[in-house]
Amino acid sequence: MSTRIAIVGAGLSGLVCARILQRNGIPVTVYETDATPDARRQGGSLDIHEDTGQVALEEAGLYEEFRARTHVGGEDVRLLDKTGRVHIDRREPAGGNGRPEIDRAELRRLLVESLRPGTIAWGRKVVAARPAEAGHTLEFADGSVTRADLVVGADGAWSRIRPLLTPVKPHYTGITVVELRLADAAAKHPEALAIAGRGTFFALSDHKYIGGHGGDTIAFGCGLRVPENWVTDSGIDWHETESVRAGLVREYAGWAPALTDLIRECDDDAIWPRPIHALPTGLRWERVPGVTLLGDAAHVMSPFAGEGANIALIDGADLARELLGRADVETALARYEAGMFPRAAEAAAASQNGLDMMFVDGGPVRMIRFFEGVGAGSA
């Protein structure tokens, strides 16, 4: 294949696609806004699913390295209410449940390091993409341009490549999550570790949650059903840790101190307010020659079903597989999108259903029923 391929965005989907292509002798360049691999927070822990994320890592030749970096006990699940009462406390069985947990930053590092030096052009922010006589032209923030026969938009929710395919933009879901962290929990925060455990934990009540993933570093979020402009209108100074702590504790008035102490003890350098956006469930577009989308650029969804990263990974693997299997790039893109669209729609619907189960009046009745198997097929 002599096609000049440009992948915009060094997230999970773009990286796994580049890895599989490069592993099979296809040259590719990844353009990334960040100046270095560690320039930006990568979020918390991910559970990688057998039928999507793990398949992609197998095809990338990275499965064993991935498994070596997963968390022991990471598949534990604990569900609480605002009083601290534990309703569900499931321990990871021997051999796991097929969804091992790994830090997002660790998984991204594995993918970055799997590529040949120079594959990723760091600090290259794409600000515009335009059709050219052959392929597309990418314009960068520094004013430079480049051309590619195939442009793959893997540049997240606010993709600069998506407008080539559709004018649709993400909408606010009604939920804002403030991401926090407690590092070195065993030594510094044993009480927090006792309530969070080693796996996934959720405390749900009254359209709010405190939850995330426990372990040596407790990476968690405070999720609230609030207006879209809450971050700016809350009165919280997001640059001052004490203001953040006090403001969030006020939002969780009436919650058990064992839960709000997670907020009071949060690390100074790991606070990230994040309004949650999503593209419409079932979004599709007409085939446009020489361009397609992966991951959040194609189907950003809320994180409340644990599907986003897994769908991103299998997107990247599927696109690479189609490109490798066909001389005709357009046929490959059409086949990739034909499989991606229904898969993304199903995952987005599950994510919306998860949001609707979590953010309700009163306690976590719907989530308890889900974990106990009542209506489990609907999430």
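Residues in segment 83-100 that are touching a Leu at 6+ places or on another chain (Cβ under 7 Å) and not small (Gly, Ala, Ser): Val86, His87, Ile88. The residues listed here are Arg335, Arg366; of these, the one that is crowded, with 17+ Cβ neighbours inside 10 Å, modelled with pLDDT of 95 or more and not aliphatic (A, V, I, L, M) is Arg335. Evaluating Glu64 against the criteria (1) under 28 Å from Ile20 (Cβ atoms); (2) surrounded by 15 or more Cβ atoms within 10 Å (Cβ to Cβ); (3) among the acidic types (Asp, Glu) leaves one unmet condition, (2).
Do we have any residue at all in segment 114-126 that's of a type outside the set (Ser, Thr, Tyr), in contact with a Leu (Cβ under 6 Å, 6 or more places away or on another chain), surrounded by 19 or more Cβ atoms within 10 Å (Cβ to Cβ) and at pLDDT 95 or above? Checking segment 114-126: at least one residue is of a type outside the set (Ser, Thr, Tyr), in contact with a Leu (Cβ under 6 Å, 6 or more places away or on another chain), surrounded by 19 or more Cβ atoms within 10 Å (Cβ to Cβ) and at pLDDT 95 or above. Arg116 fulfils the conditions (1) in contact with a strand residue (DSSP E or B) (Cβ under 8 Å, 6 or more places away or on another chain); (2) assigned to a loop (DSSP other than H, G, I, E, B) except for a single criterion, (1). Of the strands (runs of 3 or more DSSP E) entirely within segment 14-110, those holding at least 1 residues that are of a type in the set (Ser, Thr, Tyr) and out of contact with any Pro (no Cβ under 9 Å at 6 or more places or on another chain) occupy 29-31, 45-47.
Report every pair of residues separated by at least 6 positions or lying on different chains whose Cβ atoms are under 8 Å apart, first residue within segment 82-111 and more than 17 Å from Gly373 (Cβ to Cβ), second of a type in the set (Lys, Arg) and assigned to a strand (DSSP E or B). Qualifying pairs under 8 Å: Lys82/Lys208; Val86/Arg78. Among the residues examined, Thr173 qualifies as in contact with a helix residue (DSSP H, G or I) (Cβ under 7 Å, 6 or more places away or on another chain), more than 21 Å from Asp318 (Cα to Cα) and at pLDDT 95 or above.
Within the span defined as segment 118-126, one or more residues are within 19 Å of Ala18 (Cα to Cα) and without any contact (Cβ under 8 Å) to a residue 12 or more places away in the chain.
Every listed requirement among (1) outside the structural domain of Arg40 (by TED's automatic domain parsing); (2) within 30 Å of Ile311 (Cβ to Cβ); (3) out of contact with any helix residue (DSSP H, G or I) (no Cβ under 8 Å at 6 or more places or on another chain); (4) in a loop (DSSP other than H, G, I, E, B) is met by Ala219 save one, (4). Are any of the residues in segment 178-194 within 21 Å of Ile311 (Cβ to Cβ), modelled with pLDDT of 95 or more and of a type in the set (A, V, I, L, M)? No, the conditions are met nowhere in segment 178-194.
Checked against the criterion of being part of a helix (DSSP H, G or I) and in contact with a Ser or Thr (Cβ under 6 Å, 6 or more places away or on another chain), the candidates Leu319, Leu333 yield just one match: Leu333. Annotation note: of Val168, Val72, Val112, Val151, the sole residue that is under 25 Å from the mean Cα position of the chain (by Cα) and over 30 Å from His277 (Cβ atoms) is Val72. The number of residues in segment 227-283 being in contact with an Asp or Glu (Cβ under 6 Å, 6 or more places away or on another chain) and over 26 Å from Met301 (Cβ atoms) comes to 2. Looking only at residues in segment 179-190 that are touching a residue at least 60 places away in the same chain (Cβ under 8 Å) and in a loop (DSSP other than H, G, I, E, B), which one is farthest from Ile271 (Cα to Cα)? The extreme case among them is His189.
Residues that are in a loop (DSSP other than H, G, I, E, B) and at negative phi within segment 205-216 comprise Gly214, Asp216, listed in sequence order. For segment 275-297, the criterion of being part of a helix (DSSP H, G or I), under 13 Å from the mean Cα position of the chain (by Cα) and not aliphatic (A, V, I, L, M) is met by at least one residue.
Results for (1) of a type in the set (Ser, Thr, Tyr); (2) in a strand (DSSP E or B); (3) within 18 Å of the chain's Cα centre (by Cα), shown as yes or no for each residue.
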site	(1), (2), (3)
Val177	no, yes, yes
Ala203	no, yes, no
Pro227	no, no, no
Ser243	yes, no, no
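The values are calculated or read from the model by the stated rules, or taken from the named source; none is laboratory data. Just so it is clear, the model here is predicted, and its values are computed rather than measured. All Cβ positions, even for glycine, are placed from backbone atoms using ideal geometry, and neighbour counts span all protein chains on display.
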